[in-house]
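Just below is one structure, and these are the notes that go with it.
The values are calculated or read from the model by the stated rules, or taken from the named source; none is laboratory data. Keep in mind that what you see is a predicted model, and the values were worked out from it rather than measured. We place every Cβ from the backbone using ideal geometry, glycine too, and count neighbours over all the protein chains shown. We work out accessible area using only protein heavy atoms, side chains counted, and drop any ligands, DNA or RNA first. Shrake-Rupley method; radii C 1.70, N 1.55, O 1.52, S 1.80 Å.
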Amino acid sequence: MMGGRAVLLLLVISALFAQIHASDPLFHESFNESFDGSWIVSGKEEYKGVWKHAKSDGHEDYGLLVSEPARKYAIIKELDYLVTLKGETVVLQFEVRLQNGLECGGAYIKYIRPQATGWNAKDFDNDTPYTIMFGPDKCGSTNKVHFILKHKNPKTGKYVEHHIKSPPSVPYDKLSHVYTAILKPDNEVRILVDGVEKSKANFLSADDFEPALVPSKTIPDPDDKKPEDWDERAKIPDPVAVKPDDWDEDAPMEIVDEEATKPEGWLDDDPEEIDDPEAAKPEDWDDEEDGEWEAPKMDNPKCEVAPGCGEWKKPMKDNPAYKGKWHAPLIDNPNYKGIWKPQEIPNPEYFELDKPDFDPIAAIGIEIWTMQDGILFDNILIADNEKVATSVREKTWKPKFDAEKEKQKAEEAAAGASEGLSEIQKKIFDILYKVADIPFLEPYKTKIIDVIEKGETQPNITISILASVIVVIVTVLFKALFGGKKPVAPVKPAAETKKPSAVVPDAAAGSSGDKEDDKDAPRRRSRRDA
């Protein structure tokens with residue numbers, strides 16, 4: 001009885017340990033601590049980009065930062081043990097934030113296969129063999145989230161690079177995004193961006209990868225040659241056809257329209273172009289060295305309202321007798337054999353496969369070239385359970401993304417409100433310019449326009465400008481109605497001591513002499529005069 005209880009207890013403990021293991025990632029790099037010592041920067045001369053341990057903009061969370069533009073970068077992290085990709089679910093996931101955008105460059109990760117004995121992490125470069133390359137890449141016409149698999153052909157021993165045919169596009173914004181690739185034991189791979197499935201493929205489907213993981217059974221025979229008498233012409237000229245006797249190959253395509261008459265009002269004696277009357281001979285023109293100076297030509301303005309100018313000639317028209325060069329009509333070719341193709345032979349590189357023969361992952365490397373700085377990598381994860389990846393994604397990426405999204409919405413709303421206010425201001429200023437053109441305000445036009453132009457350069461005093469101009473109008477109307485017996489006290493704009501006050505004409509104090517001075521004084525050119 002005790003033995004049965006012991007077995008039951010052992011099973012419970014085993015299940016508990018299995019559950020604990022299932023909740024742990026195989027690898028997780030959060031970059032909460034400095035990467036020095038654990039990640040190795042390539043020692044190759046071409047990789048001059050400096051990696052930094054830095055905070056994501058607006059967050060307290062750290063990541064691995066691409067700190068300089070127009071540089072090559074390479075850094076690698078060797079795993080403590082190999083991660084196998086055969087026969088079980090494997091999830092590859094990481095975050096990238098393009099803090100300064102991505103116009104041209106990569107932000108992908110290479111999952112490195114085991115290297116030859118004696119290989120040093122300092123030698124990591126573009127030629128270092130990998131198993132999978134995954135992540136965003138954008139430059140020119142390229143805009144995709146790569147998923148590339150390198151698979152060894154068991155017949156030839158050669159590694160072939162296979163690209164997923166339907167990769168997702170790269171998000172265009174500057175927010176944090178998380179990329180997930182889920183490799184399933186049933187040969188399926190799913191690509192997620194921000195936890196949403198964007199692409200799905202089957203490793204063994206020729207429709208999903210280029211080139212196909214499994215080669216075709218047959219190939220065109222490279223030694224097969226097209227026979228010399230093979231006729232691929234579906235149609236041929238009729239050998240018994242004869243050109244008709246009335247077929248004139250020399251007839252012109254166009255002839256003069258003899259029935260045409262000169263339009264009424266045609267200016268025979270006026271040329272289509274005349275010398276530009278405003279052109280003048282340059283002062284430094286030397287007739288001996290530069291030749292006789294001639295004024296540049298311009299279109300004759302008289303010709304713009306007339307049917308035409310210059311010598312009138314009858315126009316051309318299509319020649320009804322034109323037939324062109326005669327060709328024999330085409331007929332079916334009795335010797336047609338179709339388009340020649342070499343015969344198919346068995347493909348020496350063909351092999352059968354139930355499941356991809358993935359190489360294990362021995363290291364994680366980032367090897368990129370980019371024109372942008374500010375690329376931040378974070379929370380690089382390898383897991384054997386989708387729930388683990390989902391949990392990490394929700395805890396690490398989601399709060400940052402939500403905060404960034406809210407900040408973006410607030411900035412867009414503020415920008416929208418600012419643009420709306422700008423449109424209102426434009427309409428106000430347009431009205432004020434029209435007010436300045438009212439005849440009875442002529443003596444004050446120059447000063448009013450000066451005030452409006454100041455308001456255009458200082459939008460924060462728009463209301464003050466509007467109030468000031470209204471004061472001028474009311475004052476002038478009051479003087480016109482009551483003969484200037486008692487001036488109306490100007491209404492002061494809303495008190496803002498730190499803002500520049502609008503300069504307005506003192507209508508109440510103005511005399512007839514002042515008006516004359518304003519009228520004759522030179523004024524600045526306003527946008528209405530431009």
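Going by the conditions given, is residue 197 open to solvent by 70 Å² or more (accessible area, probe 1.4 Å), modelled with pLDDT of 95 or more, under 30 Å from residue 394 (Cα atoms) and in a strand (DSSP E or B)?
For residue 197, the condition - open to solvent by 70 Å² or more (accessible area, probe 1.4 Å), modelled with pLDDT of 95 or more, under 30 Å from residue 394 (Cα atoms) and in a strand (DSSP E or B) - is met.
For residue 88, state whether it is open to solvent by less than 10 Å² (accessible area, probe 1.4 Å) and acidic (Asp, Glu).
It is false that residue 88 is open to solvent by less than 10 Å² (accessible area, probe 1.4 Å) and acidic (Asp, Glu).
Condition first: free of Cβ contacts under 8 Å to residues at least 60 places away in the same chain and among the β-branched types (Val, Ile, Thr). Now tell me which residues in the stretch 143-157 satisfy that.
145, 148
Within the group 281, 337, 341, which residue is touching a Phe, Trp or Tyr at 6+ places or on another chain (Cβ under 8 Å) and within 30 Å of residue 220 (Cβ to Cβ)?
Details: 281 fails: within 30 Å of residue 220 (Cβ to Cβ); 341 fails: touching a Phe, Trp or Tyr at 6+ places or on another chain (Cβ under 8 Å).
Sole residue among the options that is touching a Phe, Trp or Tyr at 6+ places or on another chain (Cβ under 8 Å) and within 30 Å of residue 220 (Cβ to Cβ): 337.
In the stretch 321-401, which strands (runs of 3 or more DSSP E) lie fully inside it and hold 1 or more residues that are under 24 Å from residue 61 (Cβ atoms) and open to solvent by less than 70 Å² (accessible area, probe 1.4 Å)?
The qualifying strands (runs of 3 or more DSSP E) are 361-370, 375-383.
Given the criteria in contact (Cβ under 8 Å) with a residue 12 or more places away in the chain, in a loop (DSSP other than H, G, I, E, B) and open to solvent by 70 Å² or more (accessible area, probe 1.4 Å), does residue 313 qualify? Outline the logic, then answer.
On the way: in contact (Cβ under 8 Å) with a residue 12 or more places away in the chain: no; in a loop (DSSP other than H, G, I, E, B): yes; open to solvent by 70 Å² or more (accessible area, probe 1.4 Å): yes.
So residue 313 does not fit the description; no.
Given the residues 160, 189, 178, which is the only one that is buried (at least 17 other Cβ atoms within 10 Å of the Cβ), in the same structural domain as residue 29 (by the TED database), in contact (Cβ under 8 Å) with a residue 24 or more places away in the chain and out of contact with any Phe, Trp or Tyr (no Cβ under 6 Å at 6 or more places or on another chain)? Spell out the reasoning first.
Values: 160 fails: buried (at least 17 other Cβ atoms within 10 Å of the Cβ); 178 fails: out of contact with any Phe, Trp or Tyr (no Cβ under 6 Å at 6 or more places or on another chain).
Selected residue: 189, the only one of 160, 189, 178 that is buried (at least 17 other Cβ atoms within 10 Å of the Cβ), in the same structural domain as residue 29 (by the TED database), in contact (Cβ under 8 Å) with a residue 24 or more places away in the chain and out of contact with any Phe, Trp or Tyr (no Cβ under 6 Å at 6 or more places or on another chain).
Within the stretch 290-306, can you find the residues that are out of contact with any strand residue (DSSP E or B) (no Cβ under 9 Å at 6 or more places or on another chain) and loosely packed, with under 10 Cβ neighbours inside 10 Å?
Within the stretch 290-306, 291, 292, 304, 305 meet the criteria.
Regarding residue 170, is this residue among the aliphatic types (A, V, I, L, M), assigned to a loop (DSSP other than H, G, I, E, B) and open to solvent by less than 30 Å² (accessible area, probe 1.4 Å)?
Yes; evaluated as a whole, the condition is true for this residue.
Please name all residue pairs, on different chains or six or more residues apart, with Cβ atoms under 8 Å, provided the first residue is in the stretch 227-245 and is under 16 Å from residue 341 (Cα atoms) and the second residue is in a strand (DSSP E or B).
From the stretch 227-245, the pairs are 234/332.
Does at least one position in the stretch 113-127 carry a residue that is in the same structural domain as residue 366 (by the TED database), within 22 Å of residue 389 (Cα to Cα), of a type in the set (A, V, I, L, M) and not in a loop (DSSP other than H, G, I, E, B)?
no
Report the residue count in the stretch 326-375 for those that are among the aromatic types (Phe, Trp, Tyr) and without any contact (Cβ under 8 Å) to a residue 60 or more places away in the chain.
Qualifying residue count, the stretch 326-375: 0.
Taking residue 303 as meeting all but one of (1) under 45 Å from the mean Cα position of the chain (by Cα); (2) of a type outside the set (Lys, Arg); (3) at pLDDT below 95, write down the number of the exception.
Unmet condition: (1).
Can you work out which of the residues in the stretch 97-107 that are closer than 24 Å to residue 389 by Cα and buried (at least 23 other Cβ atoms within 10 Å of the Cβ) is nearest to the chain's Cα centre (by Cα)?
My answer is 98.
Determine which single condition residue 204 fails, assuming it passes every other condition in (1) open to solvent by less than 30 Å² (accessible area, probe 1.4 Å); (2) not in a strand (DSSP E or B).
The number of the failed condition is (1).
Is it true that some residue in the stretch 47-56 is at pLDDT 95 or above, open to solvent by 60 Å² or more (accessible area, probe 1.4 Å) and in contact with a helix residue (DSSP H, G or I) (Cβ under 7 Å, 6 or more places away or on another chain)?
No, there is no match, as no residue in the stretch 47-56 is at pLDDT 95 or above, open to solvent by 60 Å² or more (accessible area, probe 1.4 Å) and in contact with a helix residue (DSSP H, G or I) (Cβ under 7 Å, 6 or more places away or on another chain).
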